[in-house]
Amino acid sequence: MASERATLPEKGVSRKRVLERLKAYGAGDPDYRRMRTWSLVYYLGEEHTKFLEKAHGMYFSANGLNPMAFRSLKRFESEVVDMTAGMLHGGEGVCGTMTSCGTESCLLAVKTYRDLARDRRPWIRRPEMVIPETAHVAWEKGAEYFGVKPVRAPLAADGRVDTKAVRKLVGRRTVMLLGSAPEYPHGMIDPIEELGAIALEKKVPLHVDACLGGYLLPFMEMLGHPLPPWDFRVPGVSSISADTHKYGFSAKGASVILYRDVEILKHQLFVYENWPGGIFASPGILGTRAGGSIAAAWAAMQVFGKDGYMKLSRQTMDTADIIKQGIRAMPELELVGDPPASVFAYRSRDRRVNIFAVGDRMESRGWHIDRLQRPEALHAMVTPLHAKVARRYLADLKKSVAEVKKNPKLAESGSAPMYGMIAAVPLRGMIKKQVVAMMMGLYGPGGKMPALDSAADAGEEAARNLPLAERAGRWYLSLRNRLTKRGG
Ligand SMILES: *Cc1c(COP(=O)(O)O)cnc(C)c1O
């Protein structure tokens with residue numbers, strides 16, 4: 001029952017029973033093993049997963065907090081950093097750290113550049129950072145956490161950041177610039193060379209967010225895909241983030257941040273010398289750092305090597321090309337921009353076809369798909385094993401589009417109106433308030449979701465996401481009521 005609070009079992013449950021329940025409770029989760037997810041999971045099959053589990057397990061209890069304690073972890077971290085720096089054409093001076101995720105890498109870059117500016121340009125009272133509209137939301141989070149004002153640069157017609165606008169937005173308070181390679185929503189690579197030139201001209205550091213592309217683009221280039229330079233070869237690029245746990249196919253909990261110069265990295269470090277617990281020094285946001293994630297990242301890079309990653313990149317790109325071609329061939333749909341890699345969005349170009357209704361139809365066919373706003377679109381992040389389902393995905397997409405075209409009223413049922421509403425509503429502050437209220441429901445006292453316990457215990461098929469849909473439905477209705485009241 002959803003309203004009942006969990007309590008610690010009076011008597012411990014047997015390990016066997018606990019493991020059974022863990023398995024049962026996952027019954028309603030997205031089916032990534034059958035490649036039904038198009039975000040969140042980078043799955044390469046059971047053999048590789050077992051290998052990562054083993055590597056992770058060997059360092060399961062090890063802690064990367066203190067680099068002087070587990071020398072093995074420091075070695076893995078240094079080698080992951082060096083291997084990544086080599087891939088991204090970093091010179092002699094390039095250095096960096098591993099972090100727990102892309103978001104931590106982005107947050108750290110914001111903190112580092114804020115503090116670099118405090119050191120070198122102490123007159124800046126209200127620091128700003130110029131970021132493309134398509135920057136990952138982690139940059140907004142970093143801006144909020146570290147008190148740096150995000151100045152959002154608009155996109156040019158081709159969907160990449162408008163560098164003329166960027167040049168104008170850089171001011172006396174700007175502590176960093178950002179470009180993405182590629183950005184998450186539409187998969188476009190920002191014009192890093194031009195951003196680098198602005199960075200040099202204005203003497204402001206430029207970070208390249210390659211969380212997504214860091215372990216894909218270098219190998220695409222080796223395979224002969226024409227890509228404009230975006231890494232340390234570009235003058236003016238001062239740091240890069242790359243997620244090992246995305247296209248590096250390591251275990252979750254691993255990303256890398258690299259700096260051109262240790263004099264920049266210095267500002268990422270935290271040291272407190274007066275703690276009764278001892279002198280404390282830590283490279284990132286976390287305290288305890290899971291040894292397993294660090295070891296598994298090293299293990300993944302060793303086991304693939306250059307040729308392994310090239311092979312994975314080829315499979316990824318071949319599959320992405322099939323799907324992109326398939327979408328281009330559907331007259332009702334179009335890609336958003338001309339994304340060069342394996343992440344992209346597509347939208348409707350037919351007034352009768354509501355793209356969110358298409359999303360619902362795809363969902364009902366078992367696909368787990370993300371919805372985007374501005375513009376309203378569906379999203380896909382392609383990985384090698386999607387090769388097995390690419391044709392089926394396209395066939396289902398075709399059917400879904402045809403259904404919505406024949407029955408445009410589908411846009412008024414399911415989750416489509418909710419997504420449409422959220423994307424279109426002009427009062428963004430109200431959306432934010434509603435989402436905060438929903439999150440308070442999820443994380444407040446007794447908040448949990450979905451309530452699968454009873455279903456799984458009874459051995460029934462899990463109750464899927466019913467509570468989530470219910471919540472979302474209620475939220476949408478209350479929103480609509482408020483809006484119609486306001487609108488009179
Ligand atoms: C995924 C991603 C991030 C954030 O990474 P997490 O590991 O999800 O925290 C940041 N930037 C880009 C471009 C990303 O694709």
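The values are calculated or read from the model by the stated rules, or taken from the named source; none is laboratory data. The structure displayed is predicted, hence computed values, not measured ones. Cβ atoms come from the backbone with ideal geometry, glycine included; neighbour counts cover every protein chain shown. Quick note on the areas: whole protein, heavy atoms, side chains included, nothing else; ligands and nucleic acids left out. Shrake-Rupley method; radii C 1.70, N 1.55, O 1.52, S 1.80 Å.
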Worksheet, complete the sentence: With criteria (1) more than 20 Å from residue 237 (Cβ to Cβ); (2) among the aromatic types (Phe, Trp, Tyr); (3) within 11 Å of the ligand (Cβ to nearest atom), residue 146 comes up short on (3)
Worksheet entry | The one condition in (1) within 15 Å of the ligand (Cβ to nearest atom); (2) closer than 23 Å to residue 198 by Cβ; (3) outside any strand (DSSP E or B) that residue 131 fails to fulfil | (3)
Discussion item. So, in region 118-163, how many residues would count as being open to solvent by 10 Å² or more (accessible area, probe 1.4 Å), farther than 19 Å from residue 213 by Cβ and not hydroxyl-bearing (Ser, Thr, Tyr)?
Written reply: 24
Worksheet item: Quick one: how many residues across region 3-61 are part of a loop (DSSP other than H, G, I, E, B), open to solvent by less than 100 Å² (accessible area, probe 1.4 Å) and charged (D, E, K, R)?
Response: 3
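Of the residues 285, 327, 294, 323, which is touching a strand residue (DSSP E or B) at 6+ places or on another chain (Cβ under 9 Å) and part of a loop (DSSP other than H, G, I, E, B)?
Working: 327 fails: part of a loop (DSSP other than H, G, I, E, B); 294 fails: part of a loop (DSSP other than H, G, I, E, B); 323 fails: part of a loop (DSSP other than H, G, I, E, B).
Result: 285 is the single residue among 285, 327, 294, 323 that is touching a strand residue (DSSP E or B) at 6+ places or on another chain (Cβ under 9 Å) and part of a loop (DSSP other than H, G, I, E, B).
Is at least one residue of region 273-280 closer than 30 Å to residue 122 by Cα, more than 11 Å from the ligand (Cβ to nearest atom) and open to solvent by less than 60 Å² (accessible area, probe 1.4 Å)?
Applying the first criterion (closer than 30 Å to residue 122 by Cα) to region 273-280 yields 273-275, 279-280.
Those still in the list that are more than 11 Å from the ligand (Cβ to nearest atom) too: 273-275, 279-280.
Remaining after also requiring open to solvent by less than 60 Å² (accessible area, probe 1.4 Å): 280.
Within region 273-280, one or more residues are closer than 30 Å to residue 122 by Cα, more than 11 Å from the ligand (Cβ to nearest atom) and open to solvent by less than 60 Å² (accessible area, probe 1.4 Å).
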Worksheet, complete the sentence: All-but-one check, residue 440 against (1) modelled with pLDDT under 55; (2) open to solvent by 60 Å² or more (accessible area, probe 1.4 Å), failing number (1)
Worksheet item: Would you call residue 73 open to solvent by less than 40 Å² (accessible area, probe 1.4 Å) and either modelled with pLDDT of 95 or more or part of a helix (DSSP H, G or I) (or both)?
Response: yes
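Those residues that are open to solvent by 20 Å² or more (accessible area, probe 1.4 Å) and either within 15 Å of the ligand (Cβ to nearest atom) or touching a strand residue (DSSP E or B) at 6+ places or on another chain (Cβ under 6 Å) (or both), I need them from region 171-185; list them, please.
Residues of region 171-185 open to solvent by 20 Å² or more (accessible area, probe 1.4 Å): 171-173, 184-185.
Residues satisfying the conditions are 173, 184, 185.
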Worksheet item: Only one of (1) open to solvent by less than 10 Å² (accessible area, probe 1.4 Å); (2) within 29 Å of residue 424 (Cβ to Cβ) fails for residue 405. Which number is that?
Response: (1)
Worksheet item: In region 103-116, how many residues are open to solvent by less than 10 Å² (accessible area, probe 1.4 Å) and either in contact with a Lys or Arg (Cβ under 8 Å, 6 or more places away or on another chain) or more than 11 Å from the ligand (Cβ to nearest atom) (or both)?
Response: 5
